[in-house]
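This report concerns only the one structure given below.
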Amino acid sequence: MKLPDLNSLCLRTSDGELFILDQTRLPQDENWVMVESIEHMVTLIKNLSLRGAPAIGVGAALCLARFAPSLPSAVSMKNAASVLFHARPTAVNLMWAMNRLALICPQKEITAENILIKAVDIFHEDVKLCQEMGRHAFDLINDGENILTHCNTGGLATVGIGTALGAIRYAFLRGKKIHVYIDETRPLLQGGRLTVWECQKLKIPFTLICDNMAAVLMRQGKINRVMLGADRIARNGDFANKIGTYSVSVLARHHGIPFHSVAPYSTIDPQCQSGEQIPIEDRDPEEVRGVKIGDHKIIWAPNAPAFNPSFDVTPVENVTSHILSHGIFTREDLIAGLHLYHTGSS
Ligand code: MRU
């Protein structure tokens, strides 16, 4: 059994092989890389060639399905799942996918065929969940709004239309006039490189800003709503997302601007009671000392001591609502103890 042909903006399968669009080279080059092994996929996830919480879960699942037939036993398939599980620590969608495919399955159910069936299901489910988020967000978004977003949460971060950017796209395509302010998202510029690239392709009107410009726009009344993604949502509604999200949440609260995360149910971690328990990835300080895009590198502060957490945690108090694939959960719902947890559609 080999992988069927699947297509998305950030990954595709063809003739049983898995390819990913190397996001470290965007927007300069659209370079597709064939995944050579489990370890190769771990490298591609670590260096952010494939990134975005849902996309790394789906990509890891398809990678396990691609290489499972060459592994000799259920134990070795489980070991491979565990290697992929540890590729990055914060986005729980990766762990969720590896658990579902192998790590929490009875030994006798861990076969190459079962892994393939489940991986393909995860791909199609992600496409569906993106539509569901778009549907739930639709009524919240008013015609004519200026929406601030952070990082990249579109087709490059999922295998469907996206989470926050997907919801914006969903409303835009159904006739709502929307203008997006895109935070460039230092240090790796997922906003400036990737969200700009997607908005240009989709013809969604936007303005690019540096991360430190959001406050002034809010003070001037130019931002009506904030919508961004999540990498892990704790039981109490605190959530981790790209570094800089917490500052945006503080600004939004100060200015009385609605602030939403948009995420599939696979981003909820029922094991995490609160944001304090979410592991935060620390990345190479070199990313802060300069910029590197494809083969272009400029380092302006060589050897400078630098701090580089990839994510931060936003407390539920700063969240107007989480727009999830299974419905909208407000801060008030969550503080009153409503459970976010959902077991999914399959
Ligand atoms: O380090 P990245 O680029 O993988 O970080 C991605 C984000 O923080 C996104 O906002 C998050 O994964 C949600 S994407 C649908």
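The values are calculated or read from the model by the stated rules, or taken from the named source; none is laboratory data. Just so it is clear, the model here is predicted, and its values are computed rather than measured. Note: ideal-geometry Cβ built from the backbone for every residue, glycine included; neighbour counts use all protein chains shown.
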Just checking, how many residues over the stretch 207-231 are under 12 Å from Ile147 (Cα atoms) and either in contact with a Phe, Trp or Tyr (Cβ under 7 Å, 6 or more places away or on another chain) or exposed (fewer than 14 other Cβ atoms within 10 Å of the Cβ) (or both)?
5
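Please state which one of Arg174, Arg193, Arg169 is charged (D, E, K, R) and surrounded by fewer than 18 Cβ atoms within 10 Å (Cβ to Cβ).
Sole residue among the options that is charged (D, E, K, R) and surrounded by fewer than 18 Cβ atoms within 10 Å (Cβ to Cβ): Arg174.
Table: residues versus (1) more than 16 Å from Leu148 (Cα to Cα); (2) within 12 Å of the ligand (Cβ to nearest atom).
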| position | (1), (2) |
| --- | --- |
| Lys242 | no, yes |
| Val250 | no, no |
| His260 | no, no |
| Lys292 | yes, no |
| Asp312 | yes, yes |
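So, Asp269, is that one within 16 Å of the ligand (Cβ to nearest atom) and surrounded by fewer than 14 Cβ atoms within 10 Å (Cβ to Cβ) or not?
Details: within 16 Å of the ligand (Cβ to nearest atom): yes; surrounded by fewer than 14 Cβ atoms within 10 Å (Cβ to Cβ): no.
No: the conditions fail for Asp269.
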Residues satisfying the stated conditions in the stretch 142-160, i.e. crowded, with 24+ Cβ neighbours inside 10 Å and either at pLDDT below 95 or not small (Gly, Ala, Ser) (or both):
Ile147, Leu148, Thr149, His150, Cys151, Asn152, Thr153, Leu156, Thr158, Val159
Residue check for Thr158: within 16 Å of the ligand (Cβ to nearest atom) and either farther than 16 Å from Leu9 by Cα or touching a residue at least 12 places away in the same chain (Cβ under 8 Å) (or both)
yes
For the stretch 18-32, enumerate the residues that are in contact with a helix residue (DSSP H, G or I) (Cβ under 7 Å, 6 or more places away or on another chain) and outside any loop (DSSP other than H, G, I, E, B).
Leu18, Ile20
Take the stretch 208-242 and flag every residue that is of a type in the set (A, V, I, L, M) and under 23 Å from Phe329 (Cα atoms).
Ile223, Val226, Met227, Leu228, Ala230, Ile233, Ala234, Ala240
Could you go through the stretch 66-74 and let me know if any residue there is touching a residue at least 40 places away in the same chain (Cβ under 8 Å), among the charged types (D, E, K, R) and surrounded by 14 or more Cβ atoms within 10 Å (Cβ to Cβ).
yes
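In the stretch 46-58, what residues are surrounded by fewer than 24 Cβ atoms within 10 Å (Cβ to Cβ) and either without any contact (Cβ under 8 Å) to a residue 12 or more places away in the chain or within 10 Å of the ligand (Cβ to nearest atom) (or both)? Talk me through it step by step, then tell me what you get.
Taking the stretch 46-58 first, the residues surrounded by fewer than 24 Cβ atoms within 10 Å (Cβ to Cβ) are 46-49.
Correct list: Leu48 only.
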